[in-house]
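Participant: First the structure, then my questions, so here it is.
The values are calculated or read from the model by the stated rules, or taken from the named source; none is laboratory data. Everything quoted here is computed from the prediction, not taken from an experiment. Methodologically, a virtual Cβ is constructed for each residue, glycine included, from the backbone with ideal geometry; neighbour enumeration extends over all protein chains shown. Protein only, heavy atoms only, side chains kept; ligands, DNA and RNA dropped before computing areas. Shrake-Rupley method; radii C 1.70, N 1.55, O 1.52, S 1.80 Å.
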Amino acid sequence: LAKTTQPISMDSYEGQEVNITCSHNNIATNDYITWYQQFPSQGPRFIIQGYKTKVTNEVASLFIPADRKSSTLSLPRVSLSDTAVYYCLVGDGGGAAGNKLTFGGGTRVLVKP
Amino acid sequence: DTAVSQTPKYLVTQMGNDKSIKCEQNLGHDTMYWYKQDSKKFLKIMFSYNNKELIINETVPNRFSPKSPDKAHLNLHINSLELGDSAVYFCASSQEIFNTGELFFGEGSRLTVL
């Protein structure tokens, strides 16, 4: 079962770039890396997913090195509304066992004015 | 239109009672899940159903019984509630059971057992 490790919390200021690195040393060959964002009193919301190299969408970028043992979520020019918990997770191999996406404790990002 | 909706949003009850949480998704997805989020914000999968069939049943006390009457609904019934069952329970759905694609979560049901 792939396990993830990410910082417990990070502080930033409006307009800065926030980079959150997640370690997943035991990632399996067919696992994807997915990041979710959770605001208080809401369910997690999908941000971005990747398998290798770099993925970018309108919200964030995801950098994955060749060995795939870590990944970095990059949030450009954060605003106060980006204050949330960010979860990094990897799949459990899928297949007949089904989807057991495992969430860790997440990283609490606090964006200050 | 809420994609994944669960009711009730808040539930306060006494130890020993039985309660249910309902979940419905209007996304046409085949797979639905129940997750439990504890006070430390860890999200742990409890159950997964694919097209009404139980796929994942993690180490959950058998006081917890999911029921999927059709692929758009996944309900969670909890018998003999205990203090440790207090948590936020999230329902989610995905298009298929594999580890690509995204999970769509409901807003959660906060259960408090007194």
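Participant: How many Å² of accessible surface get buried when B and A come together, counting both sides, probe radius 1.4 Å, rounded to the nearest 100? Show your work: numbers first, answer last.
Facilitator: Details: alone 6750 and 6390 Å², together 11140 Å².
In total, chains B and A hide about 2000 Å² from solvent.
Participant: Defining a contact as two alpha carbons under 8 Å apart and six or more residues distant in sequence, what relative contact order in percent does chain A show?
Facilitator: 36 percent.
Participant: Now, a different point. Calculate the mean, over all residues of peptide A:7-15, of how many other protein chain Cβ atoms lie within 10 angstrom of the residue's Cβ.
Facilitator: 0
Participant: If you don't mind, there's one more thing I want to ask. In nm, what is the difference between 0.36 nm times the number of residues separating A:Ser23 and A:Lys3 and their Cα-Cα distance? Don't skip to the answer; put the middle values down first.
Facilitator: Values: separation 20, 0.36 × 20 = 7.20 nm, distance 0.82 nm.
Full extension from A:Ser23 to A:Lys3 adds 6.4 nm.
Participant: Report, to two decimal places, the Cα Rg of the protein assembly as shown normalised by 2.2 N^0.38 Å (N = number of residues).
Facilitator: Taking the Cα Rg and dividing by 2.2 N^0.38 Å, one obtains 1.02.
Participant: Considering only protein heavy atoms, what per residue accessible area in square angstrom results for chain A with a 1.4 angstrom probe?
Facilitator: On a per-residue basis, chain A sits at 48 Å².
Participant: Oh, and also: Taking beta carbons within 10 Å but only from partner chains, what does the mean come to for residues B:39-46?
Facilitator: Across B:39-46, the average partner-chain Cβ count within 10 Å equals 5.
Participant: Follow-up. In the protein assembly as shown, what percent of the accessible surface is made up of carbon and sulfur (1.4 Å probe, ligands and nucleic acids excluded)?
Facilitator: Roughly 50 percent, rounded to a whole number.
Participant: What residue among B:Phe47, B:Phe90, B:Phe64 shows peak mean-square fluctuation when chain B is described by a Gaussian network model with Cα springs under 10 Å?
Facilitator: B:Phe64
Participant: For a quick check, take a GNM of chain B with Cα springs below 10 Å and name the residue from B:Thr13, B:Thr59, B:Thr31 with the largest mean-square fluctuation.
Facilitator: Maximum fluctuation in the GNM of chain B, among the listed residues, is at B:Thr59.
Participant: Could you give log10 I(q)/I(0) at q = 0.21, 0.23, 0.24 Å⁻¹ for the stretch A:9-112, computed by the Debye formula over C-alpha point scatterers of equal weight, without solvent?
Facilitator: At q = 0.21, 0.23, 0.24 Å⁻¹ the computed log10 ratios are -1.10, -1.28, -1.36.
Participant: What number do you get for the stretch B:4-113 when its Cα radius of gyration is normalised by 2.2 N^0.38 Å, N = residues?
Facilitator: Values: Rg = 13.0 Å, N = 110, 2.2 N^0.38 = 13.1 Å.
Taking the Cα Rg and dividing by 2.2 N^0.38 Å, one obtains 0.99.
Participant: Related question: Please compute the average number of Cβ atoms from other chains found within 10 Å of each residue's Cβ in peptide A:38-49. Let's see the in-between values first.
Facilitator: Values: counts 6, 0, 0, 5, 5, 15, 10, 4, 6, 1, 1, 4.
Neighbouring Cβ atoms belonging to other protein chains average 5 per residue here.
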